[in-house]
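Everything on this sheet refers to the single structure shown next.
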Amino acid sequence: MPGSLQPEMLPGDPEPKPMTAIADEQGLTPEILPKSRRSIGRERRLRSLRASWALFRTSWIGLAGLVVLCLFILIALAAPLLVPKSGTLEAVTVASGSPRLSPPVPGYPLGTDKFGRSISTMLIWGAQVSLLVGALATVGTMVIGAAVGISAGFFGGRIDSLLMRLTDWFLVIPWLALALVLASILGPTLLNIIVVISITSWAFTARVVRAQALTVKSRPYVERAKALGGRNWHVITRHVLPNTFPIVFAQTILIAAAAILTESTLAFLGLGDPQSVSWGKMLQEGFNQAAITTGRWWLIIPPGLCIVVLVLSLTMIGYAFDQILNPRLRDR
Amino acid sequence: MSVLSVRDLHVTYHTGSGGAPAVRGVNFDIERGEVLGLAGESGCGKSTIAGAIIRLLPDKTKIAGEILLEGKSVLDMKPGQLRAARWNEASIIFQGAMHALNPVTSIGDQIIEAIVTHDPGSTKTAPAKAAKLLEQVGLSGRRIDDYPHRLSGGQKQRVMIAMALACDPALVIADEPTTALDVMVQAQVLSLLADLQSELGLSMLFITHDLSVLVEVADRIDVMYAGQVVEEGPAEDVFTSPVHPYTKALAGAYPLIGDRIYRGNPTGLAGDPPDPEDIPSGCAFHPRCAEAFGPCPTTIPSLAPSHDGRASACLLIEGADPGATTSEEVSS
C-alpha cells in the first residue's frame, strides 16, 4: 500500500517549462543587460519622484509652506544682489550718518536701529544665517541620531543599554541649559552654534531610529545578508539604513524648524555669533533698546514675524510629508 | 572527502531555565553531488541543524560536536574565515522567500551583493552573471532591476535559488524551500531544483516536513524526531517501506489522490512533538507511538544499522540494540 503513496500529476498538469526555453522566449542575452541597467534605474527613480511630487501637490498646506520656504531661500541666496552687506555693519552706518531709530520712511522701508542700520537690510542678511544654521544643524542632528540609533538597535545588548542611557540623559537634561553652557564654553561662532544645536537635539531621533532598526534587524533579509557572509558594516549600510531612512527623512523637516528656533533663542540670549546678523540677534538688540516700552515696533515685529513664518512654513511641509510617507494618513 | 560531515552534533538553545536541547547527537554525511533529505515535524531540530552549519544561531546557543564543511571545521572558524565560508562553501535557500528579500533593493542588486561580497573585484562582471543566474532559474534576465514586490511568491523563491547558486557553493542548504507556496508552484520550484541539481551536480541538504517532496529530490533521507535521527536510508525505501513507527505515521499522513480506500481517511498522528525542555524518558516518541510496548518508556533506542544501508532507532526492530542506556539505570 505505501508503495503507491507517491503524489501523481493531474492529467491537465502542465509540465514545468525547461529553463532554457523560457530564457529563449525572452530573446535575451545577458551581455546586453549591464548597459541599460543604469538608465533603467534612473528612469525608475525619476518616476517615483514624480509620483511623490504629484501626491505632495494635492496638499495645499504643503504647497503653501514650500512656496514660502523657497521665497526665503531665494532672498537669502540673492542677498548680495539686493543690498550691500556694509549696511549691516555698525561702523559703516554710523559713519554714513543715516537716521537712527527712525520709523519706516522712504529709503528705509522698515526703519532703522540705534546705529542707523536699515532693518530690511538686516532681515535679508539674517535669512542667510537662519537657513544655514537650520540646514547644517539638521544634518548634524540626523547623522548623530541615526548613528547612535542604528548602532544601539543593531548591535543590541550592552552597546544598546549604554547608548540608550546616554540618549535618556540627553532627553531629560533641560536642553536650553545645556545649550547655554555649551555655547558659552565653545565660544560664539556660527559653526559652534551648529554643533551645539546638533548635540542638544539628536536624542529623540536616536530613539525613533533605534525602534525602527530593531524591527528591521529581525527581518529575514538581514539574516540572509549575514548568511551571505556580509560584515556588520555591509548589513547596516545595505539593509538596515535604507529601511530606516524614511523615518529619518520624515523627521528632518521638523528638526530643521526646531533648529532655526533654537538658533534664534541662543542669539536672543546673547550667545549668537557677534560677527553675523541674525533674526534672533535683531530681537535681542530690539529688546535691549527697549523697543516694547518705547513703542518702536519696527525693531522687533519684522524679525519675529520672519522667524514665525519660516518655522511655520517648515512645519507645514513636514505635515505634508507625513501624509505622503505615512499611507495610513492618506485619504482614500 | 564528504562535502559535509556532521558528527555527534548537539545544539542547545539558551533559555531562562537552563537550556533547550534542540538537536541531540546527530550524525550524517553528504557526499559530492548527493542530496540528503532531512524530514520531520516542526520543532524537531531540522532548521537548527541548517543554522548550525553556517553558524547563524543566536549568540548564546551552545553547539557541540563536529561539523566539517569541505574538510574544514565550521565550529573552530574565526569570524573572518566564517564570513568567507558562508555562501562560498554553503549557501541557504531560506524558508519564506517573501521576507528574505530586501523590499527596497532590486533583486539584481541583491544577487550582485552575494557575488561581490565574496569577490570584490567582480563589480563589472557581476550584473551579467546575475542576469545569467536569473535565466538559469527560469526568470527573464530583464527582471534584474525589478523590486521584490513586483514578483510572485514562486518568482521570489526562484530569485532565492539564483542567489544561492551565485558563488558556486559546495553545499546548498534548502530550508523548506516550498513552504508558503501553493501546490502548483511547489511542483515547479521542486522540478527546477531537481533540474539544477542534476545539471550542476549540486550537493544539497534538503529540509522539509513533507516526505513525498523528498522522494522526488533526495537520494537519502534522515527522519528526525525530538532532535535525533530516528530513521535513515535511501529515499525510496524510507518512503515506501518505512520501518520506524514515526516514519510510518509521516508517510501515512500524506493524502493520495485517486486512491479509493485511502480517500477521506488519511491517518494522521495525534499530539505534538515534545517540548525540547521536557523530552519524554526512554524513546522520545513513545507517548505518541501506536506500537509502543513494555520497555519503550524506559529504554533509549539507538540508531541501529540494518541491511541495505538503512538504519532505525526503534526497539521493535530486530537488530536494534536495546539497553544502550536505560533511564532506569541512570536513575538508580
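Checked against the criterion of being at pLDDT below 90 and within 14 Å of chain A (Cβ to nearest Cβ), the stretch B:270-286 has no qualifying residue. Scan the stretch A:208-238 for residues that are facing another protein chain (nearest Cβ under 9 Å), assigned to a helix (DSSP H, G or I) and under 19 Å from B:Pro79 (Cβ atoms) and report the count. Residues flagged as facing another protein chain (nearest Cβ under 9 Å), assigned to a helix (DSSP H, G or I) and under 19 Å from B:Pro79 (Cβ atoms) within the stretch A:208-238 amount to 8. How about the stretch A:224-249: which of its residues are touching a Leu at 6+ places or on another chain (Cβ under 8 Å) and hydroxyl-bearing (Ser, Thr, Tyr)? Those that are touching a Leu at 6+ places or on another chain (Cβ under 8 Å) and hydroxyl-bearing (Ser, Thr, Tyr): none in the stretch A:224-249.
Candidates in the stretch A:134-180 are the residues that are buried (at least 18 other Cβ atoms within 10 Å of the Cβ) and hydroxyl-bearing (Ser, Thr, Tyr); of these, the one that is farthest from A:Leu261 (Cα to Cα) is A:Ser151.
Counting only residues that are in contact (Cβ under 8 Å) with a residue 60 or more places away in the chain and at the interface with chain A (Cβ under 10 Å from one of its Cβ atoms), the stretch B:133-171 holds 6 of them. Inside the stretch A:75-125, residues that are touching a Gly at 6+ places or on another chain (Cβ under 9 Å), surrounded by fewer than 15 Cβ atoms within 10 Å (Cβ to Cβ) and more than 22 Å from A:Gly295 (Cβ to Cβ) make up a count of 4.
Checking the stated criteria, B:Arg142 turns out not to satisfy the condition of being within 14 Å of B:Phe94 (Cβ to Cβ) and either modelled with pLDDT under 90 or charged (D, E, K, R) (or both).
Okay, residues lined up against (1) over 14 Å from B:Met163 (Cβ atoms); (2) surrounded by fewer than 24 Cβ atoms within 10 Å (Cβ to Cβ); (3) modelled with pLDDT of 85 or more; (4) of a type in the set (Val, Ile, Thr):
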position: B:Glu89; (1), (2), (3), (4): yes, yes, yes, no
position: B:Ile92; (1), (2), (3), (4): no, no, yes, yes
position: B:Asn102; (1), (2), (3), (4): no, no, yes, no
position: B:Thr105; (1), (2), (3), (4): no, yes, yes, yes
position: B:Gln110; (1), (2), (3), (4): no, no, yes, no
position: B:Glu113; (1), (2), (3), (4): no, yes, yes, no
position: B:His118; (1), (2), (3), (4): no, yes, yes, no
position: B:Thr123; (1), (2), (3), (4): yes, yes, no, yes
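Within the stretch B:33-46, none of the residues are part of a strand (DSSP E or B) and more than 12 Å from the chain's Cα centre (by Cα). If you go through the stretch B:67-102 and keep only what is aromatic (Phe, Trp, Tyr) and closer than 13 Å to B:Ala114 by Cα, you end up with just B:Trp87. Checked against the criteria, A:Leu180 counts as hydrophobic (A, V, I, L, M, F, W, C), touching a Leu at 6+ places or on another chain (Cβ under 7 Å) and in contact (Cβ under 8 Å) with a residue 60 or more places away in the chain. Of all the numbered requirements in (1) within 14 Å of another protein chain (Cβ to nearest Cβ); (2) out of contact with any strand residue (DSSP E or B) (no Cβ under 9 Å at 6 or more places or on another chain); (3) on the phi < 0 side of the Ramachandran plot, A:Gly157 misses one, and that requirement is (3).
For B:Val159, the requirement of being modelled with pLDDT of 90 or more and surrounded by 20 or more Cβ atoms within 10 Å (Cβ to Cβ) is met. One residue stands out in the stretch A:272-289 among those that are of a type in the set (S, T, N, Q) and either assigned to a helix (DSSP H, G or I) or farther than 19 Å from A:Ser184 by Cα (or both): the one that is modelled with the lowest pLDDT, namely A:Gln289. Scanning the stretch A:56-83 for residues that are touching a residue at least 12 places away in the same chain (Cβ under 8 Å) and outside any helix (DSSP H, G or I) turns up A:Ser59, A:Val83. Restricting B:Ala187, B:Ala174 to residues that are crowded, with 20+ Cβ neighbours inside 10 Å, more than 10 Å from chain A (Cβ to nearest Cβ) and of a type outside the set (Asp, Glu) narrows the list to B:Ala174. Residues in the stretch A:96-116 that are touching a Lys or Arg at 6+ places or on another chain (Cβ under 9 Å) and not hydroxyl-bearing (Ser, Thr, Tyr): A:Arg100, A:Leu101, A:Pro103, A:Gly111, A:Asp113, A:Lys114, A:Phe115, A:Gly116. Exactly one residue among B:Val3, B:Val11 is closer than 30 Å to B:Asp275 by Cβ and either buried (at least 18 other Cβ atoms within 10 Å of the Cβ) or β-branched (Val, Ile, Thr) (or both), and that residue is B:Val11.
Residue by residue, here is whether (1) closer than 24 Å to A:Asn232 by Cβ; (2) over 20 Å from the mean Cα position of the chain (by Cα); (3) not in a helix (DSSP H, G or I) holds:
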position: A:Ser151; (1), (2), (3): yes, yes, no
position: A:Phe154; (1), (2), (3): yes, yes, no
position: A:Ile159; (1), (2), (3): yes, yes, no
position: A:Arg165; (1), (2), (3): yes, yes, no
position: A:Leu180; (1), (2), (3): no, yes, no
position: A:Ile194; (1), (2), (3): no, no, no
position: A:Ile199; (1), (2), (3): no, no, no
position: A:Ala206; (1), (2), (3): yes, no, no
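The values are calculated or read from the model by the stated rules, or taken from the named source; none is laboratory data. Predicted model only: the values in this text are computed from it and were never measured. Methodologically, a virtual Cβ is constructed for each residue, glycine included, from the backbone with ideal geometry; neighbour enumeration extends over all protein chains shown.
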